[in-house]
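The values are calculated or read from the model by the stated rules, or taken from the named source; none is laboratory data. Nothing here was measured: the structure is a model prediction, and the numbers come from that model. Every residue, glycine among them, receives a Cβ derived from its backbone with ideal geometry; neighbour counts consider all protein chains shown. What goes into the accessible areas is simple: the full protein's heavy atoms, side chains included, and nothing from ligands, DNA or RNA. Shrake-Rupley method; radii C 1.70, N 1.55, O 1.52, S 1.80 Å.
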Amino acid sequence: MPKPEKIRLGEVLTQQKLISQEQLKFALDEQKRTGRKLGRVLVENGIVTEDDICGALSRQLAIPYVNLKYYNIDPNTVRLLPESQARRFRAIVLERRNGGTLLVGMADPVDLFAYDELARALKKNIDLAVVNEGALLQAIDRIYRKTEEITDFARELEEDLGDVAVDFGALGAAPGLEEAPVVKLLQTVFDDAVQARASDIHIEPQEERLQIRFRIDGVLHLQTEADSKIASSLALRLKLMSGLDIAEKRLPQDGRFNIRVRQQQIDVRISTMPTQFGESVVMRLLNQSGDILKLDSIGMPADMLERFRAIIRRPNGLVLVTGPTGSGKTTTLYGALAELNTRESKLITVEDPVEYRLPGVNQVQVNEKIDLTFARVLRSALRQDPDVVLVGEMRDQETAQIGMRAAMTGHLVLATLHTNDVVSTPIRLLDMGVPRYLVATSLQVVLAQRLVRMVCESCAEPQELKPTEREWLKAELGDTVDSRKFVHGRGCMHCNGTGYLGRTGVYEMLEMTEALTDAVSRHDPAYFVKAAQAQMGGRTLRRHAVSLAAAGKTTVAEAMRASSQFED
């Protein structure tokens, strides 16, 4: 195609009546003041969307607009352009065409300098398409993975170690360490993990191989395998980074360190454990650069969210969030804290560990080694005149009683507890030895939750139900099952072939009404369970999971998998 013509974006948008002259003048003034591109100024101020700009450029230049969200990209074709140039010129190679021409998507197809540089780098004729810049950067992150680099660095480390004994202590403290194979390997592993949205990195020595796995959307994926002899050098380097005892290999150790990856500040929690073939290392990655998820975006049904918000704005009482490890309890509580965090309120958290930093909130890290326990910190926190207290976990009777007495005496207490559902939570508190009157008078609401994987929108397609799935759905949907449409993901580049991309919450909520308070006061658990179930009206975790499957947000198999965690 001919070289693109130079056009003014502002003129295109005004001609197509997407913005007014007043809006253009405002955006040009902002562009002059901040130095940012005009399109970015317009998008960030909510005047137009990126899709509006792409559509306008597509019409003006008579080139296609490619929505990368639904485009099945071939990674091998994309890699014809090096990652550095793809990021610099905001471009992606989409397909090879007849005659050797390449279709290239650009976020700014009127950038003549970028066009010339791309043609020079690719050494091919170029046809242009316009793409959404946000979707383009996400696609680049997914495609330019570091798998090959990780394998190469692991092999380099194997060769560097050889068959002779190595002084790992000297290796860890050697000058010019940034060029050591072990450091380059770990840097690349962290880079790839952040790129792949991994929440955890597992480094596991086996008898003959070392496997490195990432947990993505709650499921482990094998990243690479290497020779097991490099395991000790990786463990040693990570221990040095986190200040652990490098001489101790017989006992588990826990630590933390901070790294910067892809312009993001990552807090790494590390746990080492001796196994039969060496030390297993697991690292939890906590992105400190990202914003705390708001309650609106965690997937809670609108009417439930409205009631939950009303309850957390009460001046006192206990709010409990329950579920197994990794079910998103902390995310929900931090979302609540973010809404309560005002200049007029003092907020204190007691956590183990402190997972995210909240400006304006006094966060305390529990340390059992020096007897800085939940109960001890909580007692001290109540003498600090707080309005809201978050207890990371009510692990024992003492912590539960202190928290519930605080809820009785003018404090709002947010806490987590490990129970299967909302109905069993008050009974669990009684089993822990909390006095019945404390449960009846302090507890305001219990929220139970799980996380389910969402269907990848880029490869979603209709799904035929299996007989077992149909029968399972009938318990909630009755005979309407066959009239509904269910979907699954066939697997594509966007979701790494899994059919799932991202997760959302599944919830149930029990508000302690006067009738339930009376039921707790009785010495009859069965009576309380019956009263609680009647109040919930069938709005259980299972029903919410089924509704997500019926709405096409998750698969029936995923809803069943999540439901199996809280069903007999």
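Got a number for residues in region 5-22 being farther than 24 Å from Tyr115 by Cβ, open to solvent by 60 Å² or more (accessible area, probe 1.4 Å) and in a helix (DSSP H, G or I)?
Qualifying residue count for the region: 2.
Please go through region 538-568 and pick out each residue that is modelled with pLDDT of 90 or more, small (Gly, Ala, Ser) and either open to solvent by 20 Å² or more (accessible area, probe 1.4 Å) or more than 17 Å from Ala475 (Cα to Cα) (or both).
Of everything in region 538-568, those that are modelled with pLDDT of 90 or more, small (Gly, Ala, Ser) and either open to solvent by 20 Å² or more (accessible area, probe 1.4 Å) or more than 17 Å from Ala475 (Cα to Cα) (or both) turn out to be Ser547, Ala550, Ala551, Gly552, Ala557.
Listed here are the residues, each with its yes/no results for (1) surrounded by 12 or more Cβ atoms within 10 Å (Cβ to Cβ); (2) at pLDDT below 85.
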residue: Lys3; (1), (2): no, yes
residue: Leu24; (1), (2): yes, no
residue: Lys37; (1), (2): yes, yes
residue: Leu42; (1), (2): yes, no
residue: Gly46; (1), (2): no, no
residue: Cys54; (1), (2): yes, no
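Looking only at residues in region 176-207 that are charged (D, E, K, R) and either at pLDDT 85 or above or within 18 Å of Gln263 (Cα to Cα) (or both), which one is nearest to the chain's Cα centre (by Cα)?
Arg197
Just give me the residues in region 357-385 being open to solvent by 60 Å² or more (accessible area, probe 1.4 Å) and within 21 Å of Phe257 (Cα to Cα), in sequence order.
Listed by number, the residues that qualify are Arg357, Pro359, Asn362, Gln365, Glu368, Lys369, Ile370.
Which fully enclosed helices (runs of 4 or more DSSP H) of region 492-568 have 3 or more residues being closer than 21 Å to Asp431 by Cα and more than 29 Å from the chain's Cα centre (by Cα)?
Fully inside region 492-568 and qualifying: 514-521, 525-536.
Checking the condition surrounded by fewer than 21 Cβ atoms within 10 Å (Cβ to Cβ), part of a strand (DSSP E or B) and either aliphatic (A, V, I, L, M) or within 30 Å of the chain's Cα centre (by Cα) (or both), which residue from Glu461, Glu469 passes?
The unique qualifying residue is Glu461.
Only one of (1) open to solvent by 20 Å² or more (accessible area, probe 1.4 Å); (2) free of Cβ contacts under 8 Å to residues at least 40 places away in the same chain; (3) in contact with a Lys or Arg (Cβ under 9 Å, 6 or more places away or on another chain) is not met by Asp296, so which one is it?
(3)
Could we say that Thr425 is over 15 Å from Thr373 (Cα atoms) and part of a loop (DSSP other than H, G, I, E, B) here?
So Thr425 fails the test.
Kindly indicate whether Phe528 is closer than 27 Å to Phe308 by Cβ and either in contact with a helix residue (DSSP H, G or I) (Cβ under 6 Å, 6 or more places away or on another chain) or not charged (D, E, K, R) (or both).
yes
Taking region 99-115 as the search range and keeping residues that are in a helix (DSSP H, G or I) and in contact (Cβ under 8 Å) with a residue 24 or more places away in the chain, which one is nearest to Arg8 (Cα to Cα)?
Leu112
Note down all Cβ pairs under 6 Å where the first residue falls in region 411-437 and is without any contact (Cβ under 8 Å) to a residue 40 or more places away in the chain, the second is surrounded by fewer than 22 Cβ atoms within 10 Å (Cβ to Cβ) and not in a helix (DSSP H, G or I), and they're at least six residues apart or on different chains.
As it stands, the answer is Arg428/Thr419, since those pairs meet every condition given.
Residue-wise test of (1) free of Cβ contacts under 8 Å to residues at least 40 places away in the same chain; (2) surrounded by 15 or more Cβ atoms within 10 Å (Cβ to Cβ); (3) touching a Phe, Trp or Tyr at 6+ places or on another chain (Cβ under 8 Å); (4) part of a helix (DSSP H, G or I).
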residue: Gln265; (1), (2), (3), (4): yes, no, no, no
residue: Val282; (1), (2), (3), (4): no, yes, no, no
residue: Arg314; (1), (2), (3), (4): no, no, no, no
residue: Pro324; (1), (2), (3), (4): no, no, no, no
residue: Ser327; (1), (2), (3), (4): no, yes, no, no
residue: Ala338; (1), (2), (3), (4): no, yes, no, yes
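So how many residues does region 181-225 have that are in a helix (DSSP H, G or I), in contact with a strand residue (DSSP E or B) (Cβ under 8 Å, 6 or more places away or on another chain) and aliphatic (A, V, I, L, M)?
Looking only at that region, the number is 3.
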